[in-house]
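Asker: Dropping a structure here in structure tokens format, bear with me for questions.
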Amino acid sequence: MTSEQDTARDGENREGTDVVLETQNADTDTEDDLIEEGEIAGDYLEQLLDVLDFDGDIDLDVEGDRAVVSIDGGKDLSKLVGRKGEVLDALQELTRLAVQQTTGVRSRLMLDVAGWRAGRRSELSALGKAAAERVLASGEREELAPMTPFERKIVHDAVAKVDGVSSESEGAEPNRRVVVLKD
């Protein structure tokens, strides 16, 4: 595929680990399922932090239609993020698989460590908005650097908020990138 628009606008506490659960506006059945996903993920991550001898606070939340699990507050958590979030992405996938093994249902949970993913989301939103404004002013298409599906979705969402421009993804993984176009 050379050009295709992304369709998806893409328990017990051990010492040093606190588990906090918050929910925001979700259907009760779905909310209960997402809370269960978060609790399973939290238990899995607590065990992992124990094995690695890392300290951190695990926060569980529900945002929209997915559980969000965050690990904050410990030193050396950057090791769980890795270069460009590669370790974080792998850890998120392992956590999703742990949830699936318990529930039998594929999880869409989002994992953040030391606020890295939240910070990256802000950077990418600003990048998408700035690229959209440049394209609007110049009229010329702009290709951005290759990104992961998570990153491309954030950029597409930011571009969509600017009238007069649109975005699409081009290329094949791992070199798939966002292209911003004037309407």
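Asker: With respect to Val135, is the statement that it is surrounded by 19 or more Cβ atoms within 10 Å (Cβ to Cβ) and out of contact with any Leu (no Cβ under 6 Å at 6 or more places or on another chain) true?
Answerer: Yes.
Asker: Sticking with this structure for a sec: With the structure loaded, tell me whether Val105 is of a type outside the set (Lys, Arg), under 21 Å from Asp65 (Cβ atoms) and at pLDDT below 95 or whether it fails that test.
Answerer: Yes: the conditions hold for Val105.
Asker: Out of all the residues in the range 140-150, is one or more modelled with pLDDT of 95 or more, touching a helix residue (DSSP H, G or I) at 6+ places or on another chain (Cβ under 6 Å), among the acidic types (Asp, Glu) and not assigned by TED's automatic domain parsing to the domain that holds Gln92?
Answerer: So far as the range 140-150 goes, yes, one or more of its residues are modelled with pLDDT of 95 or more, touching a helix residue (DSSP H, G or I) at 6+ places or on another chain (Cβ under 6 Å), among the acidic types (Asp, Glu) and not assigned by TED's automatic domain parsing to the domain that holds Gln92.
Asker: While we're looking at this one, here's another question. Val99 - would you say it is of a type in the set (Val, Ile, Thr), in contact with a helix residue (DSSP H, G or I) (Cβ under 7 Å, 6 or more places away or on another chain) and surrounded by fewer than 19 Cβ atoms within 10 Å (Cβ to Cβ)?
Answerer: In short, no.
Asker: A follow-up question, please. Evaluate the range 140-153: report whether one residue or more is among the small types (Gly, Ala, Ser) and closer than 11 Å to Val178 by Cβ.
Answerer: So far as the range 140-153 goes, yes, one or more of its residues are among the small types (Gly, Ala, Ser) and closer than 11 Å to Val178 by Cβ.
Asker: Among residues belonging to the range 160-182 that are of a type in the set (A, V, I, L, M) and assigned to a loop (DSSP other than H, G, I, E, B), point out the one that is modelled with the lowest pLDDT.
Answerer: It comes out as Ala172.
Asker: Any residue that is assigned to a helix (DSSP H, G or I), among the acidic types (Asp, Glu) and out of contact with any Cys (no Cβ under 8 Å at 6 or more places or on another chain) - is there at least one of those in the range 106-124?
Answerer: Yes, because at least one residue in the range 106-124 is assigned to a helix (DSSP H, G or I), among the acidic types (Asp, Glu) and out of contact with any Cys (no Cβ under 8 Å at 6 or more places or on another chain).
Asker: If the requirement is being modelled with pLDDT under 95, on the phi > 0 side of the Ramachandran plot and either surrounded by fewer than 16 Cβ atoms within 10 Å (Cβ to Cβ) or in the same structural domain as Pro174 (by TED's automatic domain parsing) (or both), which of these qualifies: Asp76, Asp32?
Answerer: None of the other options fit; the residue is Asp76.
Asker: Among (1) within 19 Å of the chain's Cα centre (by Cα); (2) outside any helix (DSSP H, G or I), which single condition is Phe54 missing?
Answerer: Single failed check for Phe54: (1).
Asker: Still on this structure, I have one more. Counting only residues that are closer than 20 Å to Asp53 by Cα and among the basic types (Lys, Arg), how many does the range 66-100 have?
Answerer: Count: 2.
The values are calculated or read from the model by the stated rules, or taken from the named source; none is laboratory data. If you're wondering where the values come from, they're calculated on a predicted model, not measured in any experiment. Every residue, glycine among them, receives a Cβ derived from its backbone with ideal geometry; neighbour counts consider all protein chains shown.
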